[in-house]
Structures are given as C-alpha cells and as structure tokens.
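To start, the structure under review is shown below, and the notes come after it.
The values are calculated or read from the model by the stated rules, or taken from the named source; none is laboratory data. Predicted model, so just to flag it, every value in this text is computed and none were measured. Cβ sites come from the backbone with ideal geometry, for glycine too, and all protein chains shown count toward neighbours.
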Amino acid sequence: MATGNGGAEKTRVRVTVNGRLVEAEVPVNMLFVHFLREVADVKSVHVGCDTSHCGACTVVLNGRAVKSCTLFAFMADGGEVLTLEGLRGSDGGLHPLQEAFHEEHALQCGFCTPGIIMTLYDYFGRGGDASEEGLRRALEGNLCRCTGYVNILRAARRAAARLRIPRKGLGV
Ligand code: FES
Ligand code: FES
C-alpha cells in the first residue's frame, strides 16, 4: 500500500483525533490510515494488508467503525476519530475492553488488537449483544494472524459482562 505522495495535488485536512485537532496540508491521494499514522502520529492504527480485508486499521470515525485504509484523508475532513489511544473507562483508566483483553491474554503479537477492540467498541455501542453468533459476525472483518480467536471471544464476553451487555439483544 503506497502512501502515494509523488507529485499529487494537496488539500488541507482537519480531523479531531482523540480530542486533539490535527490539521495539515496533505496529498489528495493520501489514505486516511497514513494520515493517522504519519501526520497525527497515532501508531495503534496498523496496516496489515493491501486488500482492505484484515481490519488492523479500524478506527471509529464519527461514531462508526471504519477501515481507515479504505478512505482518503480528505474524506475524513471535519470529522472526529477515536482510536485505541483515546479509549477510557468511566473512571478515566482502562476501558473494560482493554482490561478484558489484558485479563484474558487475548493477544499474542498484538498487531490486530487495536482494530479488534475498536470494532467491538463500535459493535457494543450500537447495541450489539454478547451472543457467540453476534460477536463472531462483528469480528468477521478482523483477522488475527496469531489465530488467537478463542481468547479474543473470551475477552469480548468478559468486557460485555462488565458493560452489562446482554448475551442476546432485546427483540432478537
Ligand atoms: S490495512 Fe485496512 S483492512 Fe488491512
Ligand atoms: S495477536 Fe498477532 S495478529 Fe492478532
């Protein structure tokens, strides 16, 4: 995946990243994932593929999880983005998802982890339930090359319990 800066026309992009305004003149063909990593210096956002299938680049943009490699930076102009660095629990400490991944040893190399946590954050935030099927569906766009899915699902269930998310959504 090229950053694509070679001689491209430039445009000004302003994005609020974890509450901090980041503004820069960037090539029109710069991908949002590169804006986050190189301009905003947010390193939890990873590039794990060049086919938009791994989910390692997932962030929450304007309240919805997106794969940041599928957008140009200018498409996020004026938006608000939340990444793993910006997640907080209600007491200002770790978010229950972060705690659960730590407690369940739900990572090996950790490359996929930020994207998986942001995907689950979005899923639970939209009323997703903690059923096996719901969690598996929510995570179908995120790959873990260390194949740690058993502990990832355990962590998701543990976080759901702490967040008081039912195993099955109302009306499902
Ligand atoms: S880097 Fe975005 S889906 Fe793989
Ligand atoms: S923990 Fe290594 S890719 Fe998921």
*Answer yes or no: is there a residue in the stretch 3-12 that is part of a loop (DSSP other than H, G, I, E, B) and within 21 Å of residue 141 (Cα to Cα).*
no
*Would you say residue 140 is within 14 Å of ligand 1 (Cβ to nearest atom) and without any contact (Cβ under 8 Å) to a residue 24 or more places away in the chain?*
yes
*Scan the stretch 30-63 for residues that are under 15 Å from residue 78 (Cα atoms) and under 13 Å from the mean Cα position of the chain (by Cα) and report the count.*
6
*So, of the residues in the stretch 48-73 that are β-branched (Val, Ile, Thr) and crowded, with 16+ Cβ neighbours inside 10 Å, which turns out to be nearest to ligand 2 (Cβ to nearest atom)?*
58
*Scanning for something under 19 Å from the mean Cα position of the chain (by Cα) and in contact (Cβ under 8 Å) with a residue 40 or more places away in the chain, does the stretch 20-29 turn up at least one residue?*
no
_Where a residue in the stretch 32-49 is outside any loop (DSSP other than H, G, I, E, B) and its partner, wherever it lies, is at pLDDT below 95, with Cβ under 7 Å and at least six apart_ = 34/3
*Subset of the stretch 147-156 that is in contact (Cβ under 8 Å) with a residue 40 or more places away in the chain and part of a helix (DSSP H, G or I) - its residue that is farthest from residue 127 (Cα to Cα)*: 151
*In the stretch 77-118, which residues are buried (at least 23 other Cβ atoms within 10 Å of the Cβ), in contact (Cβ under 8 Å) with a residue 60 or more places away in the chain and within 16 Å of ligand 1 (Cβ to nearest atom)?*
81, 83, 112, 114, 115, 116, 118
